[in-house]
């Protein structure tokens, strides 16, 4: 049942520092859309998911974050996929014990029916979550290193040892089998999302002002067909595509020229704070953007002493929103194919040796992924924890980076997005358009997805 963390820290997981979490007022009810109808009946024989701590969810998400960090050869946007499917498996493995919540079946695109639970038998929902997460993470990271696979087995065993002292063996087996069955169902569903073609060969269209591979690696386009991935929530991208970017021009003093010159001018006068902001949100060496979102949410859940019900619903909503936001953003990128700052600054402005603070990612300029995804995630988290929640992010304490404090989730989203100007890899209009795009996507999802009755 509900316990504080104890033996879990013996697992080979980097311990993240606790977040300073200061509510500006009373905690608000989640603004997730309500609906009186439910496709899940509660199991009165089973313990309520609220009776379990969020430890099992948080520790598995932390381990997943570390696996992301050590997974090589994977496009960063691809980690939004792992985050989404593992979170959905977590949620579905415990939602039968959440009588105030609905399943995602019938709400997410093509999500099949989940395995059934018995209304006459008891379930240990933390055990179900443990089994589901162990199974789905192995499935979603097929190239995991032997060390990571050992960590998965180790964490699963630690929790199983704890849970075996909390209920009878039959309940443990039943709960574990249910979690594994959910994970298998979710993984099978994941195989039809067009991921296998997201990285097909791509030839950039030729023309003035269009994207070309950028220094220093001049790498081929990253995940050019991510735009064709199956969205989680139908209609999540409605009306989210931003207007066309600033018309291309090489004329000195034109809007386009001035937009690029702004990036160059900022690069020549970077303050220590601006440099630190850019480096903090590069998420390398680190945990990728999706991993950073996991880390922030994990810290908030721990400091707020949330239970497993809140954790499962929060991870699901956050990850689904980030995943669909990435699809919308990649649609924009490979529709407009806008040239990156480093290409224009070197080839048009004549600063042939200029380099951005961070290496430019291998995809077109418009819109900014950090802005789209972070703004969307911020709105999702705000819908659960309320507006104006102040917190401090300690994700990169282990790298010696100063922690960053925010007055709200919205403030963290803007901090992440604006960091890309200081990094020298995005124009400010691309960032501003990304903020609007991400917020529209989040609102579409919040208006459509019914988690809470």
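Observations on the model:
- The set of residues from segment 163-178 being in contact (Cβ under 8 Å) with a residue 60 or more places away in the chain and either surrounded by fewer than 18 Cβ atoms within 10 Å (Cβ to Cβ) or part of a loop (DSSP other than H, G, I, E, B) (or both) comprises just one member, 166.
- Single residue of segment 187-200 satisfying the filter (assigned to a loop (DSSP other than H, G, I, E, B) and touching a residue at least 12 places away in the same chain (Cβ under 8 Å)) that is farthest from residue 360 (Cα to Cα): 192
- Listed by position, the helices (runs of 4 or more DSSP H) inside segment 251-352 whose residues that are out of contact with any strand residue (DSSP E or B) (no Cβ under 7 Å at 6 or more places or on another chain), under 30 Å from residue 194 (Cα atoms) and in the same structural domain as residue 415 (by TED's automatic domain parsing) number at least 3 are 288-303, 308-336.
- Breaking point among (1) surrounded by fewer than 24 Cβ atoms within 10 Å (Cβ to Cβ); (2) under 16 Å from the mean Cα position of the chain (by Cα); (3) under 23 Å from residue 356 (Cβ atoms), for residue 395: (1)
- Unique residue being closer than 21 Å to residue 62 by Cα and crowded, with 19+ Cβ neighbours inside 10 Å when the list is 422, 385: 385
- Of the residues screened, residue 221 is not one that is modelled with pLDDT under 95 and over 21 Å from residue 140 (Cα atoms).
- Condition check for residue 104: under 19 Å from residue 61 (Cβ atoms) and not in a helix (DSSP H, G or I): yes
The values are calculated or read from the model by the stated rules, or taken from the named source; none is laboratory data. Note that the structure is a prediction, hence the values are computed from the model and not measured. Cβ atoms come from the backbone with ideal geometry, glycine included; neighbour counts cover every protein chain shown.
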